[in-house]
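Here's the structure, in structure tokens; my notes come after.
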Amino acid sequence: MEPIRVLYVEDDRADQELTRRHFERHARQVKLRMVETVADALDQLLADDTDLVLADYRLPDGTGLALLDAIKTRGLRVPVVLVTGAGDVEAAVRLLKAGATDYVVKRPGYLATLPAVIEGAFRWFQSVREIRRATVLVLYAEHNRADAELTERAFREHGPHLQLDVVWSGQDALERLRAAPYDLFLLDYRMPDLSGIEILKALREERIRIPVVMITGRQDEEIAVQAFKLGVTDYLVKEEGYLTKLPSTIENVLAQRRLAEENEALLVLNSLAESIASVGEPSKLCQLVARAARDLLRADTSILWDVDGPELIPSGWAGMDEGAARALRTWADEQLLQRAATKRLVAVPDLLAAASGDPASAALLEDAGGTAAVSLVSAGRVTGVLAVASSLPREFSATEERLLTILADHAAIAFENARLYRQLRDRLAELQRTQAQLIQAEKLSAMGHLLAGVAHELNNPLAIVLGRATLLRDVVEGGPLAGQIEDIVQAGERCARIVRDFVSLARQRPAERHAVRLNDVVQDAVELLRYQLEVDNVEVTLELAGDLPVLWADPHQLYQVAVNLISNAHQALRDGAPPRRLSLRTLADPASARVVLEVADTGPGIPPDIQGRIFDPFFTTKPPGQGTGLGLSLCQAIVTGHDGSIRVESQPGQGALFRVELPVVAPPVPVSQVPSAEPQPPLSGRRILVVDDDEVLTQVLTDALSADGHHVETAPNGAVALQKLRGQAYDLILSDIKMPELDGPDLYREVERRYPELRRRFVLFTGDVLTPRTREFLKLTDVPSLIKPFALDDLQRIVQQVLRAE
């Protein structure tokens, strides 16, 4: 349901807040905007779309009556609900006469009823607006020609949608109502041949359903009681000013009747939806849907067609025999089906134009007094058409067409569920086979977490190797050992990159988009798998375009796609004869604003009959234990999640080419920043506390920071760090996250509580990026952090950044 946009005019801030809270808790479909004066309300109505005005009666610059007059004067069509004080009953009556849709009295507990009042007023106004858009045919039985002329003039002045047909006797009125569909019957009590009561009795006996408004020349309570007992909807006395109220009275009667019928129909529809959902046999379901359509719209006949290509095949019917129904087989061209998929309403004559079989069967619909038809749509495709017909002259209303559409939607879901149930039943054996694949997938998942754990354990020693090697490189710069130390640094960085790759593959995480260079992603994936490819003599060729636009994407997810595609190609090549070639190519496609990655191999290729299934989860052609069938489905999910596409081109014996296309999306515009100042000399001489339980890594950090001129002290855990903080002031705290006794997050919380001025002089480092607790803590506190193993340059950068911020 679309939200109801309500403009709340109230100058009492306490009432504003109470009302806002109540709607947020109990009526989220109502969206409030607040103003405090009549003038502000009118400005808001002229500026923005508003569905309903809720206004206090007493406002600083006027009353609710003044607001109503101003809305009318400006020609604004919007329902108004007024909130009055307990002593303003007379004011409420005046407001309703002036055109207010409804009112509520501000007494204890009134907020509990307010959402229902607003929804009712909104639905009523929507119904009246719908009535005013269409032609309303009114039959007026009147014996006085002067009164008839005055009524016709009042209708013309009110609007062209009210069309009046006048008859001069009760018998003529009954004949007209039997022969033609009217929306409302306006009945003068005194007719020359039949009284109003006699006409009402005849309508009831002949079961002619039509709303009736009776007009009399005098106030007669007994006549009014009789009339209401016989079904009169409203009752007016011919007194001064009644003609100005008559058009609005007719619209109100039609709106209330339409809402009542819609509510009644929705109750019936809910019951039908439950019945439809419980039927699994397609033939029974078709008959049930057809009967439900006939009963819901009080039609005489109904038929449901199944769509099979261009052919429409009768599958369910009510109100006609089986032979006549099956003879209504017909055809629909592609254009008709496309219209039916989007507009939903279908013209029955268009369906019958190509009907084959007995002409008498087609006459059941062609000669009907009124018809309505809607399409059944599943996944954007028309799967059926549901039609109803009335033997008497009748025009199905927009509300009835909506109800028929809702029924068709329920039916489409039920048919889809039945189809899925049959598929599930037929594929039970296949699901049992995939059970073994699921077990294997769990094993691989566990192995991935194990690898991530191993990677975590490697982070500390790698950080030590990289830190010591970097310090040594600075010491022996230009000396005979400089090249050997550089080899150690590069090897350590390569190990660190492999560890990060393991973590990226094992880590479950939502998409986090950044500026990404696709060439870098491809090179990193090749680097990860280079050794395995070399062992199996796979020749790798990279053709990476130099002019690729930067992508706004998740680098880790694109990395997974590249690794999966390269691994699949590797497996395809491994069992084949040399030469084994794998080529990766990137290019830009300016015409479609896309970047393309192509991964091609010279393997055995993919048979045409399974190319349509290779992206299905758990589908694999590999022997048991050598594949789960999840890699390509994961690739497809990631690529489509980036609004891209992935497809395969392959011929048996000629290898396979996977083509990934990704849109070039502009990154969000960053908030404007102050231009950076000139580079400043590094800060030194600061007192820094390093907290880590690894003595060797602590010494590396101490040496690096001391080399930058800082005074460094250390603590093996958070508890010792707190003791040091009691006796010494520090400019910066560098702390590991995982430590015995008191870890990094708990140390941060204690510092935040005891020494709040140090909260912004805190930096955390960790090799644990998989634990949800760690990720959540870093996200919530926004503490600067370093991921082990990190380069000493990164350490120096973040230290300078935090010190300068303070």
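The table that follows gives values for the structure above.
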| read-out | value |
| --- | --- |
| Among the candidates 384, 380, 369, residue that is touching a residue at least 12 places away in the same chain (Cβ under 8 Å) and over 23 Å from residue 286 (Cβ atoms) | 369 |
| Number of the condition not met by residue 274 [criteria: (1) open to solvent by 50 Å² or more (accessible area, probe 1.4 Å); (2) farther than 23 Å from residue 402 by Cβ; (3) at pLDDT below 85] | (2) |
| Qualifying residue in region 766-779 (condition: modelled with pLDDT of 90 or more, touching a helix residue (DSSP H, G or I) at 6+ places or on another chain (Cβ under 8 Å) and buried (at least 16 other Cβ atoms within 10 Å of the Cβ)) | no |
| Pairs, first of a type in the set (Lys, Arg) in region 785-797, second surrounded by 17 or more Cβ atoms within 10 Å (Cβ to Cβ) and in a helix (DSSP H, G or I), C-beta under 6 Å, six or more apart | 788/459; 788/463 |
| Top-ranked residue in region 563-593 [being out of contact with any strand residue (DSSP E or B) (no Cβ under 7 Å at 6 or more places or on another chain) and outside any loop (DSSP other than H, G, I, E, B); ranked as most open to solvent (accessible area, probe 1.4 Å)] | 574 |
| Subset of region 230-255 that is out of contact with any Ser or Thr (no Cβ under 7 Å at 6 or more places or on another chain), more than 16 Å from residue 152 (Cα to Cα) and assigned to a helix (DSSP H, G or I) - its residue that is most open to solvent (accessible area, probe 1.4 Å) | 252 |
| Among (1) within 26 Å of residue 255 (Cβ to Cβ); (2) small (Gly, Ala, Ser); (3) open to solvent by less than 50 Å² (accessible area, probe 1.4 Å), the one test that residue 75 misses | (3) |
| Single residue of 333, 306, 321, 295 found to be farther than 17 Å from residue 394 by Cβ and modelled with pLDDT under 85 | 333 |
| Selection count where residues are in a loop (DSSP other than H, G, I, E, B) and either over 42 Å from the mean Cα position of the chain (by Cα) or in contact (Cβ under 8 Å) with a residue 12 or more places away in the chain (or both), scope region 753-784 | 7 |
| Which numbered condition residue 701 fails, given (1) open to solvent by 30 Å² or more (accessible area, probe 1.4 Å); (2) under 19 Å from residue 461 (Cβ atoms); (3) modelled with pLDDT of 90 or more | (1) |
| Residue satisfying all of: in region 467-480; modelled with pLDDT of 80 or more and of a type in the set (A, V, I, L, M); most open to solvent (accessible area, probe 1.4 Å) among these | 472 |
| Count of residues meeting criterion [open to solvent by 20 Å² or more (accessible area, probe 1.4 Å) and of a type outside the set (Gly, Ala, Ser)] in region 177-190 | 6 |
| Sole exception among (1) at pLDDT 90 or above; (2) within 25 Å of residue 390 (Cα to Cα) for residue 187, by number | (2) |
| Which numbered condition residue 350 fails, given (1) open to solvent by 30 Å² or more (accessible area, probe 1.4 Å); (2) modelled with pLDDT under 85; (3) within 21 Å of residue 405 (Cα to Cα); (4) touching a Ser or Thr at 6+ places or on another chain (Cβ under 8 Å) | (4) |
| Candidates 135, 151 - the one that is surrounded by 15 or more Cβ atoms within 10 Å (Cβ to Cβ) and among the hydroxyl-bearing types (Ser, Thr, Tyr) | 151 |
| Filter result (surrounded by fewer than 17 Cβ atoms within 10 Å (Cβ to Cβ) and either assigned to a loop (DSSP other than H, G, I, E, B) or among the small types (Gly, Ala, Ser) (or both)) within region 209-229 | 209, 210, 217, 218, 219, 220, 224 |
| Residue list for region 200-244, restricted to those being within 22 Å of residue 162 (Cα to Cα), in contact with a Lys or Arg (Cβ under 9 Å, 6 or more places away or on another chain) and either of a type in the set (Ser, Thr, Tyr) or at pLDDT below 80 (or both) | 216, 233 |
| Residues located in region 733-755, provided they are among the aliphatic types (A, V, I, L, M) and within 15 Å of residue 698 (Cα to Cα) | 733, 734, 737, 739 |
| Region 46-93 - residue that is aliphatic (A, V, I, L, M) and in contact with a Lys or Arg (Cβ under 8 Å, 6 or more places away or on another chain) and, of those, modelled with the lowest pLDDT | 86 |
| Residues being touching a Pro at 6+ places or on another chain (Cβ under 9 Å) and surrounded by 19 or more Cβ atoms within 10 Å (Cβ to Cβ) - total across region 740-762 | 1 |
| Subset tally (residues that are farther than 21 Å from residue 573 by Cβ, open to solvent by 20 Å² or more (accessible area, probe 1.4 Å) and in contact (Cβ under 8 Å) with a residue 12 or more places away in the chain) for region 635-662 | 5 |
| From 307, 289, residue being among the β-branched types (Val, Ile, Thr) and assigned to a helix (DSSP H, G or I) | 289 |
| Some residue of region 436-451 being modelled with pLDDT of 80 or more, in a helix (DSSP H, G or I) and surrounded by fewer than 19 Cβ atoms within 10 Å (Cβ to Cβ) | no |
| Options 147, 165, 172: the member that is part of a strand (DSSP E or B) and either out of contact with any Gly (no Cβ under 6 Å at 6 or more places or on another chain) or modelled with pLDDT under 85 (or both) | 165 |
| Single residue of region 509-535 satisfying the filter (surrounded by 13 or more Cβ atoms within 10 Å (Cβ to Cβ) and in a loop (DSSP other than H, G, I, E, B)) that is modelled with the highest pLDDT | 517 |
| Test result for residue 599, open to solvent by less than 30 Å² (accessible area, probe 1.4 Å) and within 15 Å of residue 528 (Cα to Cα) | no |
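Residues are listed down the side, and each one gets a yes or a no for (1) without any contact (Cβ under 8 Å) to a residue 24 or more places away in the chain; (2) not in a strand (DSSP E or B):
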site	(1), (2)
15	no, yes
20	yes, yes
23	no, yes
33	no, no
39	yes, yes
45	no, yes
49	no, yes
53	no, no
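The values are calculated or read from the model by the stated rules, or taken from the named source; none is laboratory data. All values reported here derive from a predicted model rather than from experimental measurement. Reconstructed Cβ throughout: ideal geometry from the backbone, glycine too, with neighbour counts over all protein chains shown. Calculation scope for accessible area: heavy atoms of the full protein, side chains included, ligands and nucleic acids excluded. Shrake-Rupley method; radii C 1.70, N 1.55, O 1.52, S 1.80 Å.
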